[in-house]
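Below: one structure, written as structure tokens.
The values are calculated or read from the model by the stated rules, or taken from the named source; none is laboratory data. Note that the structure is a prediction, hence the values are computed from the model and not measured. Every residue, glycine as well, gets a Cβ built from its backbone with ideal geometry; the counts of neighbours run over all protein chains shown.
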């Protein structure tokens, strides 16, 4: 355990450039994590509705995901900053999170097997909470690892590569239920109160993939020791023992400015994840809001998985372009443009009657998603002291979880009292939030850009 206080350190060297294969190896575990996230995002509402959840209740069940992330990520970030074991600094948390997340993936769609103890709906919601908390345990140290290992010149590339792997994993996870059903003949139908076999098998494959990719990253990626990290610092740093509350109060100015951008971005994303299945089923397939188990509902749900895979595929391709685009026009303008594309994508869904055309909407969403996963972290990384990288990457997650929690609290009320149960309006609201985020990003101080200007 490395933990010191009251000692100043002076820089002597800079972090060396790493090979491309090293950067890919350090982030491969993100592929497995995002495959699990994609299975959750594309199917959790469907599973809960299969178990009997009402559309007005969906956001309440989804609240467990951001709530656990809000609690877990800052704590994990603080712990990983002050941890050094034979396995390293961040890697122990990868491993523990992966094991627990895989268990959640294996059990959530099988919640009906536990009905002797509790209603399947509540068991499913409980496994959703365990699964998402575990994703957060594994995910936060991955962000900090990029900050630990890469210098300023390679940081945007590092987060872009993470975005590519996120996109690949999410495409596989999003498309897997459809592929198993349509290509391999796995049943996509189920009795009321149960989950189709193609979904159950997809979650099992996702759990195995998560474990394999995390273990790959652990075995191929060495970490810098605390002493070596100190030698890379670019200025004198006074190390002190502080608590998370102190770190929140004293967060960098850039982080506070990004908070507003993140709030509207993640409010929009949460609306999309929670309500796209019901919006597509109602607005495009013409189903009644209470229909949550018919073959046509499952067909609509499988198609939502496909279009979610499209936006993740687009984000993976777009991530390759982000370093060049941001170098040409700057990180802030790149992010603003990307968010406006996402706004166009979500709002366009209202005007679509053929489900095939939803693919075009998801191209815009994919551009926004690719930027959201990379650019805020690339901007933030230049404003954080090396000895605070883990805790501030964890605290930054508050700007992701708080808007989702707020959406979870008010989203169902909007659907019931303002949108007349027409959930497509929740997607339009998400598009408006993307526009607001694009406006606010222009007021963020990018420390690296200011230095180079």
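Summary table below
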{"read-out": "Some residue of segment 168-175 being surrounded by 15 or more Cβ atoms within 10 Å (Cβ to Cβ), at pLDDT below 85 and outside any helix (DSSP H, G or I)", "value": "no"}
{"read-out": "Residue within segment 318-333 that is outside any loop (DSSP other than H, G, I, E, B) and more than 30 Å from residue 378 (Cβ to Cβ) present", "value": "no"}
{"read-out": "Residue within segment 370-378 that is at pLDDT below 85 and part of a helix (DSSP H, G or I) present", "value": "yes"}
{"read-out": "Matching residues in segment 297-306 - criterion: being more than 17 Å from the chain's Cα centre (by Cα) and either closer than 26 Å to residue 369 by Cα or modelled with pLDDT of 85 or more (or both)", "value": "298, 299, 300, 301, 302, 303, 304, 306"}
{"read-out": "Yes/no for residue 13 being surrounded by fewer than 24 Cβ atoms within 10 Å (Cβ to Cβ), modelled with pLDDT under 80, at negative phi and in contact with a strand residue (DSSP E or B) (Cβ under 8 Å, 6 or more places away or on another chain)", "value": "no"}
{"read-out": "Failed condition for residue 346, given (1) in contact with a helix residue (DSSP H, G or I) (Cβ under 7 Å, 6 or more places away or on another chain); (2) surrounded by fewer than 20 Cβ atoms within 10 Å (Cβ to Cβ)", "value": "(2)"}
{"read-out": "Listing of helices (runs of 4 or more DSSP H) fully contained in segment 50-121 that carry 1 or more residues being modelled with pLDDT under 70", "value": "58-62, 64-81"}
{"read-out": "Filter result for the condition that a residue is closer than 28 Å to residue 424 by Cα and over 17 Å from the mean Cα position of the chain (by Cα), over 370, 364", "value": "364"}
{"read-out": "Residue identified as touching a strand residue (DSSP E or B) at 6+ places or on another chain (Cβ under 9 Å) and surrounded by 14 or more Cβ atoms within 10 Å (Cβ to Cβ) among 218, 200, 214, 205", "value": "218"}
{"read-out": "Test: residue 269 is out of contact with any strand residue (DSSP E or B) (no Cβ under 7 Å at 6 or more places or on another chain) and either at pLDDT 85 or above or surrounded by 17 or more Cβ atoms within 10 Å (Cβ to Cβ) (or both)", "value": "yes"}
